[in-house]
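The values are calculated or read from the model by the stated rules, or taken from the named source; none is laboratory data. What you see is a predicted model, and the numbers here were worked out from it, not measured in a lab. Cβ coordinates were reconstructed from backbone atoms using ideal geometry, including for glycine residues, and neighbour counts include every protein chain displayed. Each accessible area value is taken on the protein alone, full model and side chains, heavy atoms only, with ligands, DNA and RNA left out. Shrake-Rupley method; radii C 1.70, N 1.55, O 1.52, S 1.80 Å.
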Protein chains: 2
Amino acid sequence: MPLAKPLVVTAGEPAGVGPELCNALLDSPYLDDLVVIGDRRQLDERLTVIDTPFPVEVAPGKPDSANAATLLDGLRAAASGCRDGDYAGMVTAPLAKSVIADSGVDFSGHTEFLAELTGAAHPVMLLVAGDLRVALASTHLPLRDVPDYLTPAIIERVLRVLDRDLREKFGISQPEIIVCGLNPHAGEGGHLGSEENDIIAPTLEALRTDGMRLRGPMPADTAFTPAAGHKDAVLAMYHDQGLPVLKYAGFGHAVNVTLGLPIIRTSVDHGTAFDIAGTGTADPGSLFAAVELAASMAQS
Amino acid sequence: MPLAKPLVVTAGEPAGVGPELCNALLDSPYLDDLVVIGDRRQLDERLTVIDTPFPVEVAPGKPDSANAATLLDGLRAAASGCRDGDYAGMVTAPLAKSVIADSGVDFSGHTEFLAELTGAAHPVMLLVAGDLRVALASTHLPLRDVPDYLTPAIIERVLRVLDRDLREKFGISQPEIIVCGLNPHAGEGGHLGSEENDIIAPTLEALRTDGMRLRGPMPADTAFTPAAGHKDAVLAMYHDQGLPVLKYAGFGHAVNVTLGLPIIRTSVDHGTAFDIAGTGTADPGSLFAAVELAASMAQS
């Protein structure tokens, strides 16, 4: 079924695998619904393209930070097109943070950049692989900083974003969310850490009285298995509690979704892969899945 | 192929699912190689049993700590039989730590008990599901205690035990081990934590000069996927970095192996399941897999 509005795809770092992955989209069932923002010279003529020529022509694997401003302009165009209703949502191919930082722009990633552009205070990272959805209560923090970061206020606001977006963007009317404990065995009744009793459980209890369907805090080594029963999403407390299992389960077709934005945004779950750019060996599975999920969200 | 010596299976907590899982072993291809230690009254007459009658007859789900001493005697008999060469190895059905603690015995688990019995200084927990093997550098610690626990000495001794037992007990002549970083993205070059640069990488470098085949520190969300290439085992830095993916991958047939003991010991990866004991619904998959792995290790 064609979409009511097109999806916009940003081709990302021109020296990475993004442009060649976009060319693979010729085989996507959503081809007619896609507009690609990138450098026309890198993109197949059969794609619908908004041309943003890069000032420096780069070889695969050899990025040049002089192209960063053009790349960011493309992201801005995609996001504002989504806000203005020109596009149903945006799908991002990878960029390299370090290349953009080298250009002198303070840049910590797609997610934060898009949150700022769209005035979103609390973006939440969700990874999707098939019917497994894993959100993160904390993302890119050193492990030793995680326990003190996770206050009741943080956990509450992540859960509110997750619950709302599962309803509004995924069309799940009564989302069931499993929340992991912070410690092994979810603290084993306080024997292996106190954060479950002191922080997580009371927060969940308060949100349940607000109507949210939450289970946990649950041991993370149970939460993802069939033994945990049905769930629409799992909230992991930190990066390596949730992503190893998600990336194992969804190898080659996992999708990164930013929740908490006023627009739909999905992304590949991998980087620019400078080491294989230009060899034609990059697997477009994650970009295909990101397009498919954005289309599905647009129709929810 | 029959084993040269039998395996001994301890039936575990009599009010849990252990005895009924042992009865399911009638369908094991290794039935003729098994000796079960437990209460004859709970065990099928077709099993070969060393009878250790419990003083208190218990109903399913209603344990009595007065049975703890008998249960521990059974474990001692199994372990000394392995040391004396009567058995090729031991397989343990679950017990409940709290029931044993309630009897007044200082008991922190099968692993520590067997390590003490056999004079093993450094037991290492390894979980196995099919060809995925995950060892833990730290086990049952609150998350906030993990970073300071992981010294070079700890990581070295865990890796030495893992490497040696992969050779000696799994018959892998040149084990390849992937070692996870502690922090997300393995610290991303120091931007997300310093332990990779300060602790893990130098330790691996020193052990490589000793001939060990180690890769890492690697981001945990890559380490378990095919993108990481061949590995004989992954060493996770802590419980919830390694076990969610292992239990997801091996749901219903994961096996817990204690390395670093002078004997072979495998175990189910689940607990006594008091809530379903006696209902006949407990899945014997993990016990079957634990027997099969012990048999395979005995033949390595």
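B:Gly242 satisfies every condition listed in (1) within 15 Å of the chain's Cα centre (by Cα); (2) outside any loop (DSSP other than H, G, I, E, B); (3) more than 24 Å from B:Ala121 (Cβ to Cβ) except (3).
Across the stretch A:227-239, which residue is most open to solvent (accessible area, probe 1.4 Å) among those that are more than 22 Å from A:Tyr149 (Cα to Cα) and part of a loop (DSSP other than H, G, I, E, B)? Taking the candidates together, the pick is A:His230. Remark: A:Arg46 falls outside the filter, which requires a residue to be open to solvent by 50 Å² or more (accessible area, probe 1.4 Å), part of a helix (DSSP H, G or I) and either modelled with pLDDT of 95 or more or assigned by TED's automatic domain parsing to the domain that holds A:Val105 (or both). If you go through the stretch B:252-292 and keep only what is open to solvent by 30 Å² or more (accessible area, probe 1.4 Å) and not in a loop (DSSP other than H, G, I, E, B), you end up with B:Phe288, B:Glu292. Condition first: assigned by TED's automatic domain parsing to the domain that holds A:Gly271 and touching a strand residue (DSSP E or B) at 6+ places or on another chain (Cβ under 6 Å). Can you find one or more residues in the stretch A:54-73 that meet it? No; the residues of the stretch A:54-73 include none that is assigned by TED's automatic domain parsing to the domain that holds A:Gly271 and touching a strand residue (DSSP E or B) at 6+ places or on another chain (Cβ under 6 Å). Residue selection: A:Leu207 satisfies the criterion of being open to solvent by less than 10 Å² (accessible area, probe 1.4 Å), farther than 22 Å from B:Ala223 by Cα, not β-branched (Val, Ile, Thr) and not assigned by TED's automatic domain parsing to the domain that holds A:Pro6.
Would you mind stating whether B:Leu126 is open to solvent by 10 Å² or more (accessible area, probe 1.4 Å), in contact (Cβ under 8 Å) with a residue 40 or more places away in the chain, more than 14 Å from every other protein chain (Cβ to nearest Cβ) and touching a strand residue (DSSP E or B) at 6+ places or on another chain (Cβ under 9 Å)?
No; evaluated as a whole, the condition is false for this residue.
Scoring A:Phe224 on the criteria (1) touching a Pro at 6+ places or on another chain (Cβ under 7 Å); (2) within 24 Å of B:Leu132 (Cα to Cα); (3) open to solvent by 10 Å² or more (accessible area, probe 1.4 Å); (4) not acidic (Asp, Glu) leaves a single failure, condition (3).
Would you be able to tell me the number of residues in the stretch B:4-43 that are assigned to a loop (DSSP other than H, G, I, E, B) and open to solvent by less than 20 Å² (accessible area, probe 1.4 Å)? Final tally of qualifying residues: 10.
The residue pairs whose first member lies in the stretch A:136-149 and is within 15 Å of B:Glu195 (Cβ to Cβ) and at the interface with chain B (Cβ under 8 Å from one of its Cβ atoms), whose second member is open to solvent by 60 Å² or more (accessible area, probe 1.4 Å) and among the hydroxyl-bearing types (Ser, Thr, Tyr), and whose beta carbons are closer than 7 Å, counting only pairs six or more residues apart or on different chains, are A:Leu141/A:Tyr149. Mind listing just one residue for me: the one in the stretch B:176-185 that is buried (at least 20 other Cβ atoms within 10 Å of the Cβ) and in contact (Cβ under 8 Å) with a residue 40 or more places away in the chain and, of those, nearest to the other protein chains (Cβ to nearest Cβ)? Step by step, filter the stretch B:176-185, then rank; the result is B:Leu182. Taking the stretch A:242-263 as the range and being in contact with a strand residue (DSSP E or B) (Cβ under 8 Å, 6 or more places away or on another chain), more than 9 Å from chain B (Cβ to nearest Cβ) and of a type outside the set (A, V, I, L, M) as the test, the residues that pass are A:Gly250, A:His253, A:Asn256, A:Thr258, A:Gly260. Evaluating A:Val56 against the criteria (1) aliphatic (A, V, I, L, M); (2) crowded, with 17+ Cβ neighbours inside 10 Å; (3) in a loop (DSSP other than H, G, I, E, B) leaves one unmet condition, (2).
For the stretch B:186-222, the tally of residues that are within 14 Å of chain A (Cβ to nearest Cβ) and either under 29 Å from B:Gln299 (Cα atoms) or assigned to a loop (DSSP other than H, G, I, E, B) (or both) stands at 5.
Within the option set A:Asp131, A:Asp165, being modelled with pLDDT of 95 or more, among the acidic types (Asp, Glu) and either surrounded by 22 or more Cβ atoms within 10 Å (Cβ to Cβ) or not assigned by TED's automatic domain parsing to the domain that holds A:Ala298 (or both) holds for one residue only, A:Asp165.
Here is a check on your reading of the model: is A:Leu235 closer than 25 Å to B:Ser138 by Cα and either more than 9 Å from chain B (Cβ to nearest Cβ) or among the aliphatic types (A, V, I, L, M) (or both)? So A:Leu235 fits the description; yes.
Can A:Pro63 be described as touching an Asp or Glu at 6+ places or on another chain (Cβ under 8 Å) and open to solvent by 70 Å² or more (accessible area, probe 1.4 Å)?
no
None of B:Ser98, B:Ser108 is within 20 Å of B:Val268 (Cα to Cα) and within 16 Å of the chain's Cα centre (by Cα) except B:Ser108.
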